[in-house]
Structures are given as structure tokens and as C-alpha cells.
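Reviewing the structure listed below.
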Amino acid sequence: MVYENMLDFLTLMELVVRNNVYPIMARRHHIILNGKRGLVEACEYLKSNPDFLEVRCFMPQNEFGQTAFAAINDAVKGTAVDRSELFLGFGSLFEKYRPKVPESYRKWKASHIKNENKVDLSETRNVGQKEVKPKVGKRPFAGVEKSAVIDRKEGGLKL
């Protein structure tokens, strides 16, 4: 199984786990291209290991996906299977199956960003000004001051 990037591989594995078909995918070999350089290395690997019955290619329906599939198909002598129909117009499997953000969160986030950009002048202060120390005075007690004594022999509290 050949993927264009790591996110497509992880997305497909997440779908496999969610659909409980992991045993089918457990014994497969997975190749992640990550660009044209990876394509060359993958083709060399597939040519040097001709014992694969079929190679499934998960490539997007764009120019790179078509050229990558053609190169891999040539490397395995026509036994590659094109699985680009899984993308259905998306650039990647991750983009297709990405969780949708609720509209209420989008509205909240947009309003939060607008409010974040505004600076309230009452919250700013001049860092050069001296810090005013609060006045701390003695509070009068309610009534007369009392003391407590703990008796060491009997262990009781006496006022």
C-alpha cells in the first residue's frame, strides 16, 4: 500500500480501526512517499522486491498523483491498483475525513479574535510610574482582646 503523505496513511488507519477491519490491514506493507524523492526510492524498492501480487496506490486525483501511480505501475509491471476514487475531489484523505467544526464555535472564535485585537486603555498602565502601595492599618477587634493558654499537664484549653 503506497500513500502520498503521512496524514493520508494515518487517516486510513483511523478509518480501519473505526470500521473494525484492522486484521485485514495488519499484515500489509505500507510505503509513504513524501514527495518526488520518496517516489524514486519507492519505485526502486518495488523493483528489487517483485514478490508483491498487487500494490494499492492511494494517490490524490491531481497531476502528482497520476504521475506517481504511473511510475509505481511501471515499477511493478502493471500490477498496481489505483485507489484514487477514495479522495472524491479532495486533496487528501485527511482533508476529506477531517472533523467538521461546529458553526457556533466558528462564530465564537471570530468574535473572540475581533475582541482580542481591541486594546482596552483602562487595562494598560504606564510601566514607568511608581507602584502605589496599599495602605494597611490595624483593624480594631470586636470587643476585648483575649488570649488562650494550653495547659501542659491536663491538655485543656483555658481562656
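Some notes on this structure:
- Scanning the range 79-97 for residues that are open to solvent by 70 Å² or more (accessible area, probe 1.4 Å) and in contact (Cβ under 8 Å) with a residue 60 or more places away in the chain turns up at least one hit.
- The condition (being over 18 Å from Gly91 (Cα atoms), of a type outside the set (S, T, N, Q) and at pLDDT 85 or above) is satisfied by just one residue among Ala42, Ala26: Ala42.
- Residue satisfying all of: in the range 1-52; surrounded by 12 or more Cβ atoms within 10 Å (Cβ to Cβ) and hydroxyl-bearing (Ser, Thr, Tyr); farthest from the chain's Cα centre (by Cα) among these: Tyr45
- Which numbered condition Asp8 misses (of (1) touching a Phe, Trp or Tyr at 6+ places or on another chain (Cβ under 8 Å); (2) closer than 14 Å to Ala80 by Cα): (2)
The values are calculated or read from the model by the stated rules, or taken from the named source; none is laboratory data. None of the values given here were measured: they were computed from a predicted structure. Cβ sites come from the backbone with ideal geometry, for glycine too, and all protein chains shown count toward neighbours. Heads up: the accessible areas ignore ligands, DNA and RNA and are worked out on the full protein's heavy atoms, side chains in. Shrake-Rupley method; radii C 1.70, N 1.55, O 1.52, S 1.80 Å.
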